[in-house]
Amino acid sequence: MPYPSDRERDRPWVMRTYAGHSSATKSNELYRRNLSKGQTGLSIAFDLPTQTGYDPDHELAKGEVGKVGVPVTHIGDMRTLFDQIPLGVANTSMTINATAMWLLSLYVSVAQEQAEAEGTDWHEVVAKLAGTTQNDIIKEYLSRGTYVFPPGPSLRLITDMVAWTVSNVPKWNPINICSYHLQEVGATPVQEVAYAMCTAIAVLDAVRDSGQVPAEKFGEVVSRISFFVNAGVRFIEEMCKMRAFTELWDEITRDRYGITDEKQRRFRYGVQVNSLGLTEAQPENNVQRIVLEMLAVSLSRKARARAIQLPAWNEALGLPRPWDQQWALRMQQVLAYETDLLEYEDIFDGSPVIEAKVNEIITGAREEIDRVQAMGGAVAAVESGYMKTQMVGSLAERRRLIEGGKQIIVGVNKFDTTEPSPLQAEGAKAIETADPAAELEAVEAVRQWRSERDATAVDESLRKLREAAKTDVNLMDATLACAHAGVTTGEWSAALREVFGEYRAPTGVSGASAGGEAGVELAAVRERVKATGEELGERLRMLVGKPGLDGHSNGAELIAVRARDTGFEVVYQGIRLTPDQIVAAAVQEGVHVVGLSILSGSHLEAVPAVVEGLRAAGAGDVPVVVGGIIPPDDAKILAERGVARVFTPKDYEMTQIMDEIVNVIREANKLP
């Protein structure tokens, strides 16, 4: 699908909503409810501890359990997650990267158990498993930040998964080359296409060079490579981007890898439209944004998505409710079943405008692909910081256009007068809130799990995993053995951390600038920063911190770049820091303000921990400001607990934010 061999109406794409929260039990209830409404696939959102390889009782997991997805700590959680959902007929997408091998092993193990419980041959059931593990670690170093291991070992895990699934789970997509998050952190259409292709080349080269797949089966590897893309509101440009993707992929797989079967060369992709493009201001406008973005990936038959998941109108405010997710699903169903979209050939063939734009994107992407390949490929371009710097610079330029009014966002920088929204009349009830008790229950549950399993079997399976990791043997079998033995997510990751080590990716901040932003407003703030520093007898210093496991760093990076451009000395050490590490850095560097960025919903736990840590360290006079998706009621709580200012997505003018931070510093130091 959706390529019929005759003139019949195309079959609709797989329809999903990205979902999961609190616990495996609550998420299972949500999945079964969504499937009953006509959803045709599942898209699993895992919480940050699961994504980064920590158990719920780890220090870094505090405040993060069940917030942005479901915690899956062991095979028992996976059983619960898919209770009454037969995996042999499901189509499941799992947004998981660093720990993808582990989660796929849990999924396969539960499929085996379901088959055995029904008295069927589990080999046949596993061979029917359909779905995707995202498993694109390259973009994690550039955007979401849920990487664990260095690039080399991470690519080895992907290679092993690809080779194993081709032989054992032939309908499974072992990797989703994911340009979605590249667009969110600033990538232009050319960069999005180019860097996704560079990642695909890195993976295919690694699989080919590993010798694990016979040359005659390499076409099967290529045919199981899928992509996951972002569709923005500039839907003509986005549609042209998808046609460019399709043409380039066909060219690369044919010319670089010698794939002669046209079906194996098809560009197969799923999509979620641009969540970070949704606005907190006038959120009802997000409905038409979502619909227009959906058109970008459905109008062109030659470049139509195989699976679509839409965010809900209120995701810029918090976690959507089941009703909000239902609305997003109904948008897809109306397009697929009520309109005549699926009845025609490609409606853009022969258009000179479309052809010119597609060629422009392809030409630019080829040039950027060649540039990255000359550096040694995608991994080298990550390690050098080249890709990250390019995207931080692109995002800074995008923000400059928005702040200058040259790129209009309705309800934000133009047409911002509004009537009260009846959709938000319920206040805090307009969004779903994760039960605070879920984390405590998860901590207790994992401790109970550890006490009841066969400890000897666990230790032996982990020993074999560590030994296998020191060789070049495929790690899937050892990982499956860990899953069956009752190993936890944190234990599996810790065993590989011992062998592979950990990694901290380049931030890209040092080489980026708000280039071109030299207007009166910026100059005025720069003068205030300089004058305040002179009054205090030293240059103003700001620490930008990312506490907890939230790896969405683009907001923090933009603030760091703008702070530096206004004259601050900036301390930014990247993502995934404990409150104690942030406090230690603030004290050591003698900063005048600490700015925390959190998008995961853990602000009520992580932020007060930093404030209290500063007080305990004798630095209670250092003010703390916070930015993120923070509901008004939570902002009041943070203010009561000592936070000087709270900035949310509606505060889009970063130079004004810098000006307000100067006010905060002057207030803290009792300056007029």
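The values are calculated or read from the model by the stated rules, or taken from the named source; none is laboratory data. Only a predicted model underlies this, so the values are computations on that prediction, with no experimental measurement involved. Every residue, glycine as well, gets a Cβ built from its backbone with ideal geometry; the counts of neighbours run over all protein chains shown. Protein only, heavy atoms only, side chains kept; ligands, DNA and RNA dropped before computing areas. Shrake-Rupley method; radii C 1.70, N 1.55, O 1.52, S 1.80 Å.
The table below lists the values:
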item	result
Condition met for LEU638 (under 29 Å from ALA281 (Cα atoms), part of a helix (DSSP H, G or I) and open to solvent by less than 30 Å² (accessible area, probe 1.4 Å))	yes
Every residue from the range 204-262 that is basic (Lys, Arg) and either touching a strand residue (DSSP E or B) at 6+ places or on another chain (Cβ under 6 Å) or farther than 24 Å from LEU157 by Cα (or both)	ARG224, ARG234, LYS241, ARG243, ARG254
Among the candidates ASN274, ASN314, residue that is touching a Leu at 6+ places or on another chain (Cβ under 9 Å), among the polar types (S, T, N, Q) and surrounded by 20 or more Cβ atoms within 10 Å (Cβ to Cβ)	ASN314
The one condition in (1) in contact with a helix residue (DSSP H, G or I) (Cβ under 7 Å, 6 or more places away or on another chain); (2) in contact (Cβ under 8 Å) with a residue 40 or more places away in the chain; (3) of a type outside the set (Phe, Trp, Tyr) that ALA90 fails to fulfil	(1)
One residue from GLN183, GLN212 being touching an Asp or Glu at 6+ places or on another chain (Cβ under 9 Å), modelled with pLDDT of 95 or more and open to solvent by 10 Å² or more (accessible area, probe 1.4 Å)	GLN212
Any helices (runs of 4 or more DSSP H) falling wholly within the range 369-483 and containing at least 2 residues that are free of Cβ contacts under 8 Å to residues at least 12 places away in the same chain and either open to solvent by 70 Å² or more (accessible area, probe 1.4 Å) or in contact with a Leu (Cβ under 6 Å, 6 or more places away or on another chain) (or both)	437-452, 455-469
Residue list for the range 379-421, restricted to those being of a type in the set (D, E, K, R) and either under 23 Å from ILE201 (Cβ atoms) or in contact with a Pro (Cβ under 8 Å, 6 or more places away or on another chain) (or both)	GLU383, LYS388
Matching residues, the range 145-172, being over 20 Å from LEU106 (Cα atoms), assigned to a helix (DSSP H, G or I) and open to solvent by 10 Å² or more (accessible area, probe 1.4 Å)	GLY152, PRO153, LEU155
Restricting the range 614-635 to residues that are more than 30 Å from the chain's Cα centre (by Cα) and in a helix (DSSP H, G or I), the residue that is surrounded by the most Cβ atoms within 10 Å (Cβ to Cβ)	LEU614
Hey, TYR141 part of a helix (DSSP H, G or I) and in contact with a strand residue (DSSP E or B) (Cβ under 8 Å, 6 or more places away or on another chain) or not	no
Enumeration of residues in the range 383-440 that are more than 26 Å from the chain's Cα centre (by Cα), more than 30 Å from LYS26 (Cα to Cα) and among the polar types (S, T, N, Q)	ASN413, THR417, THR418
Residue that is modelled with the lowest pLDDT, among those in the range 127-144 that are crowded, with 22+ Cβ neighbours inside 10 Å and more than 15 Å from THR199 (Cα to Cα)	ARG144
Lone qualifier among LEU319, LEU295 - being aliphatic (A, V, I, L, M), in contact (Cβ under 8 Å) with a residue 40 or more places away in the chain, open to solvent by 20 Å² or more (accessible area, probe 1.4 Å) and within 30 Å of GLU251 (Cβ to Cβ)	LEU295
Single unsatisfied condition, LEU103 versus (1) in contact with a strand residue (DSSP E or B) (Cβ under 8 Å, 6 or more places away or on another chain); (2) more than 23 Å from GLN264 (Cα to Cα); (3) at pLDDT below 95; (4) crowded, with 23+ Cβ neighbours inside 10 Å	(3)
Flag for VAL203 being β-branched (Val, Ile, Thr), within 26 Å of THR389 (Cβ to Cβ) and open to solvent by less than 10 Å² (accessible area, probe 1.4 Å)	yes
